[in-house]
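One structure below.
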Amino acid sequence: MMTYPRNSIALRLSGMFTLVALLVFLLIGWALYQQVDKGLGLLPEAELDARYSVLESTVGRYGTPEHWVKINNKLNLLSEEDKRIRFWIISGDPHYEYGNLNPQIRAFAQGPLGTRDMQLPDHPYPLKVLVSEFPAKDQRPPLRFMIAIDTETFFHTQHQLLIALISLAIVGVLLASALGYWVARIGLKPLIKLSQEAQRLAPPLRSGRLRLSPLPPELDQFVSSFNSTLERVEQAYSRLESFNADVAHELRSPLTNLIGQTQVALTRGRSAEHYFEVLQSNLEELERLRSIINDMLFLASADQGSKATKLTSTSLAEEVATTLEYLDFILEDAQVRVEVRGDAQVRIEIAHLRRALINLLNNAVQHTAPGQVIQVRIEAAEHQVSIGVTNPGSPIAREHLPRLFERFYRVDASRSNSGNNHGLGLAIVKAIALMHGGDVFVRSDHGMNTFGIHLPV
């Protein structure tokens, strides 16, 4: 059986159901109580009016002592039949008076006509009293007629109604809480199953995915996002494995050369000239190691969100010309020529720009046959500037294009490379573009391959 901690969603939903039910029951109970209380408040007056309508004609019709005896007997009979009802008649002639007329009763009778409440000292509940007046008739003088009803029964009814409403509200809230908890647990079953399925996804099972159906619509988007995240993690994991293998290979080659050459030199005595050559060769391998490590450190810094800060407004055409001067010997040895078209003024960190241009031009030179021309085009648009380096070469398959700027990625699976190329040049170009808020692009069509960067204006 699944248990839930105190802060579980099921308990939270149950608590929300309880609060909603409590609020609903309070509102309904309050409205119902007000309506019933209003109706109960009208009942005493209605009963008084009914009693008075029966006695009005009898009291007002007769005015002789003989008839008055009959009226007293009738009032006595009505009082005995219903103990809640009381009658008083106040007059200037004692023969035409009725009831226990104490000073409080006589003072109350002198008040205004109509229905009023009267509180007796020996009674905890007020009496609802209807005061009326009859004019003189025959021998009878004018008199005040009072009919009262005890409201104790109505107060008890109100109290019982209030207790019943409170009891029903408590029962309803408890029932809503229990049902809410049960409904929440049923509703959360797909999420629990989804969690259990996610726990079964172990690192070796990178291709595992959460099932999209059957699931409630509310979880479909979550599962799709989670599967997309797993796919990105799988791709990153695969790239990391490939990256680790490539790093190990790139570092192993110069280390193997260093160890091999050193061991050979130490097998027997050598001349100073031979040791100098060994040290010179070792220095080249060490330089290569340092280059790889520096490039990896630069990429690691870029991965952590490092941004270009030392921005300077400069002419791209001038920076390309400066870079070509630096690569003059390389271009001459490769017997290729570079043409530069266009210009634009942008704010950029010059050292980073020159490093990106060197990598782009080196990449183009390595894949350009002698005697051919490399084109550098600078094109300015409304929001960005493009620097594209185009060289004639073998077409690149479409499936390779999105991955050419990844670390150590090569179209040719073989690892035969020159000592100056360790597969991080284009990755550094992309990192520099991202550090400036730009991006990279690559095209391969009609025998021309173009690598370049977009920079924001």
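Side notes on the structure shown:
- Straight-distance candidates among the aspartates and glutamates for linking to LYS70, with alpha-carbon spacing under 20 Å and chain neighbours fewer than 8 residues away dropped: GLU56, GLU80, GLU81, ASP82, ASP93, GLU97, GLU133, ASP138.
- Take the stretch 329-455 with all the other protein chains still there, run a 1.4 Å probe, and you get 51 Å² of accessible area per residue.
- Calculated from the alpha-carbon coordinates, the chain shows an Rg and a Dmax of 51.5, 164 Å respectively.
- Probe 1.4 Å, all protein chains present, accessible-area order of VAL183, VAL336, largest first: VAL183, VAL336
- Relative contact order of the chain: 10 percent, from C-alpha pairs under 8 Å at least 6 residues apart in sequence.
- Placing unit charges on the Cβ atoms only, positive for Lys and Arg and negative for Asp and Glu, gives the chain a dipole magnitude near 1020 debye about its Cα centre.
- In the stretch 119-194, the alpha-carbon atoms span a convex hull of 131 Å³ per residue.
- Extension gain for ASP122-GLU273 works out to 41.1 nm (0.36 nm per residue, less the C-alpha to C-alpha distance).
- For the stretch 288-428, the share of alpha carbon pairs falling in successive 10 Å distance bins from zero is 10, 37, 40, 13, 0 percent.
- Of the GluC sites (Glu not before Pro) in the stretch 355-399, those whose Cβ has at most 16 other Cβ within 10 Å and which sit in DSSP loop: GLU382
- Antiparallel %, DSSP beta bridges [both residues in the chain], to 5: 90
- Net dipole in debye of the stretch 300-364 [+1 Lys, Arg Cβ; -1 Asp, Glu Cβ; about Cα centre; nearest 20]: 340
- Once the 1.4 Å probe is applied to the protein heavy atoms, the stretch 30-182 comes out at 57 Å² accessible per residue.
- Considered as an equivalent ellipsoid built on the Cα gyration tensor, the stretch 1-136 has semi-axes of 56, 15, 13 Å, the largest given first.
- Carbon plus sulfur fraction of accessible area for the chain, probe 1.4 Å, in percent: 59
- Each 10 Å bin from zero up to the one holding the largest Cα-Cα distance in the stretch 77-133 carries the following percent of pairs: 20, 56, 24, 0.
- Viscosity 1.306 mPa s, 10 °C: Kirkwood-radius Stokes-Einstein D of the stretch 32-104 over Cα pairs, µm²/s: 111
- At q = 0.31 Å⁻¹ the log10 of I(q)/I(0) for the stretch 281-336 amounts to -1.00, computed by Debye summation with a single uniform scatterer per C-alpha, solvent ignored.
- Rounded Å value of the spacing that divides the Cα centres of the stretch 302-359 and the stretch 120-175: 101
The values are calculated or read from the model by the stated rules, or taken from the named source; none is laboratory data. Owing to the predicted nature of the structure, the values given are computational and were not obtained by experimental measurement. Because the Cβ atoms are built from the backbone with ideal geometry, glycine has one as well, and the counts that use them run over all protein chains shown. Surface accessibility is based on the protein's heavy atoms, side chains included, excluding ligands, DNA and RNA. Shrake-Rupley method; radii C 1.70, N 1.55, O 1.52, S 1.80 Å.
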